[in-house]
Amino acid sequence: MSRTTDNKTPLGRILGVIPARGGSKGLPGKNIRPLAGKPLIAWTIQAALGCRWLDRVIVSTDDQEIAGTARTWGADTPFMRPAELADDATPTIKAVIHAIRWLEENQGYRPDYVMLLQPTSPLRTSSDLEEAIRLAAGKEADAVISVAPVEDHPAWMKVLDSDGRMKDFLPGSGSASRRQELEPVYALNGAVYLTRLDLVLEKETWYGDKTLAYVMPPERSLDIDNYLDFQLAELVLNNGNRNNN
C-alpha cells in the first residue's frame with residue numbers, strides 16, 4: 001500500500017527498502033537491539049517515513065521478530081525474505097531485487113527509483129534522504145550515493161614489506177606534509193543508495209554512468225558494525241546530536 005506523499009520531483013515513484021536479516025555474527029540481534037530507547041531499525045524506519053518523497057517504505061527480512069518490530073514502528077513487511085537470500089554471503093542487492101519483483105508480481109507495484117536504507121546507519125535524517133532525492137532530480141542523475149569525508153587520508157597511509165619497512169600506500173604521496181596540501185577524499189558511508197530501477201534490475205548495480213555523491217558530515221555517517229560502533233551511536237543520540245528531521 002502506497003503512502004500519501006508530496007512527490008513533486010521528476011523521479012516519480014521511489015521505493016524505500018530497508019534490509020534487515022536475522023543473522024548477525026558481529027553483533028547478535030543487532031537490528032532490533034535497543035539504541036537510545038528505540039530498536040536500531042526504528043531510527044531508519046522513522047527517517048524513511050519522515051521523507052515526504054518516498055512512495056513506499058518496506059522492510060525485507062527473514063526474521064519474524066524483526067518483521068513485528070518493523071510493523072510496530074510503521075514500516076510495511078509485505079513478505080518474508082526467502083532463507084536463501086538471508087545468508088551472510090548474499091549481496092544486499094539480491095534481496096532488494098527480490099523485494100521489487102515480489103511487489104510487482106503480487107501487488108502490481110513498480111517504482112521508478114529505489115532507495116536502499118541500511119538499518120546500520122541510524123544517524124541519517126529524513127532531510128538527508130530528501131536532499132539526496134533533490135540532488136538526483138536536479139542533476140538528472142542515474143544514482144546518488146552518500147559519502148563522508150575521510151579523516152585518515154590515504155596519502156599518509158603506509159604498507160609494510162616482508163622486512164617491516166614502510167612504503168607509501170600511494171606511490172609518491174609521502175611528500176605532502178599538511179592536510180591543506182591534499183585533495184579531499186571521500187568514503188561510502190552506507191547511509192543512502194538511490195538508483196534508477198532499471199539499473200538495479202537489469203545490471204544489478206547501484207551505480208550508473210551518472211552517479212553523484214551526496215556528502216554527509218561525519219557526525220551523521222556512523223555505520224554500525226560492532227559493539228563499539230553501537231556504543232558511539234548511543235552516545236551521540238543520547239547527547240541530542242541528531243534530530244528526527
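Answer yes or no as to whether Val192 is closer than 18 Å to Ile41 by Cβ, of a type in the set (A, V, I, L, M) and open to solvent by less than 60 Å² (accessible area, probe 1.4 Å).
yes
Write out, first by first residue and then by second, each pair whose Cβ atoms fall under 7 Å of each other, whose residues are 6+ apart or on separate chains, and whose first residue, in region 59-73, is without any contact (Cβ under 8 Å) to a residue 40 or more places away in the chain while the second is open to solvent by less than 30 Å² (accessible area, probe 1.4 Å) and outside any loop (DSSP other than H, G, I, E, B).
Ala67/Val59; Thr69/Pro39; Thr69/Ile41; Trp73/Ala42; Trp73/Ile45
Answer with yes or no whether Arg165 is modelled with pLDDT of 95 or more, open to solvent by 80 Å² or more (accessible area, probe 1.4 Å) and over 22 Å from Phe230 (Cα atoms).
no
Hey, among Ala75, Ala20, which residue is open to solvent by less than 30 Å² (accessible area, probe 1.4 Å), modelled with pLDDT of 95 or more and touching a Ser or Thr at 6+ places or on another chain (Cβ under 8 Å)?
Ala20
Report whether or not Leu116 is over 26 Å from Thr9 (Cα atoms), touching a helix residue (DSSP H, G or I) at 6+ places or on another chain (Cβ under 9 Å) and among the aliphatic types (A, V, I, L, M).
no
If I filter region 142-150 for residues that are surrounded by fewer than 17 Cβ atoms within 10 Å (Cβ to Cβ) and of a type in the set (A, V, I, L, M), do I get at least one hit?
Checking region 142-150: at least one residue is surrounded by fewer than 17 Cβ atoms within 10 Å (Cβ to Cβ) and of a type in the set (A, V, I, L, M).
Looking at (1) out of contact with any strand residue (DSSP E or B) (no Cβ under 6 Å at 6 or more places or on another chain); (2) more than 14 Å from Val57 (Cα to Cα); (3) surrounded by fewer than 24 Cβ atoms within 10 Å (Cβ to Cβ), can you tell me which one Ala95 breaks?
Status for Ala95: all satisfied but (1).
What's the number of the only condition in (1) open to solvent by 40 Å² or more (accessible area, probe 1.4 Å); (2) out of contact with any strand residue (DSSP E or B) (no Cβ under 7 Å at 6 or more places or on another chain) that Thr90 fails to meet?
Evaluating Thr90 over (1) open to solvent by 40 Å² or more (accessible area, probe 1.4 Å); (2) out of contact with any strand residue (DSSP E or B) (no Cβ under 7 Å at 6 or more places or on another chain) leaves (1) as the failure.
Within region 110-141, which residues are closer than 22 Å to Ala67 by Cβ and open to solvent by 10 Å² or more (accessible area, probe 1.4 Å)?
Correct list: Gln118, Thr120.
I want to confirm something. Restricting to region 225-241 and keeping residues that are touching a residue at least 12 places away in the same chain (Cβ under 8 Å) and closer than 19 Å to Ser126 by Cβ, which single residue is surrounded by the most Cβ atoms within 10 Å (Cβ to Cβ)?
Ala233
The values are calculated or read from the model by the stated rules, or taken from the named source; none is laboratory data. What you are looking at is a predicted structure, and each value in this text was computed from that prediction instead of being measured. Methodologically, a virtual Cβ is constructed for each residue, glycine included, from the backbone with ideal geometry; neighbour enumeration extends over all protein chains shown. Note: accessible area is taken over every heavy atom of the protein model, side chains too, but ligands, DNA and RNA are not part of it. Shrake-Rupley method; radii C 1.70, N 1.55, O 1.52, S 1.80 Å.
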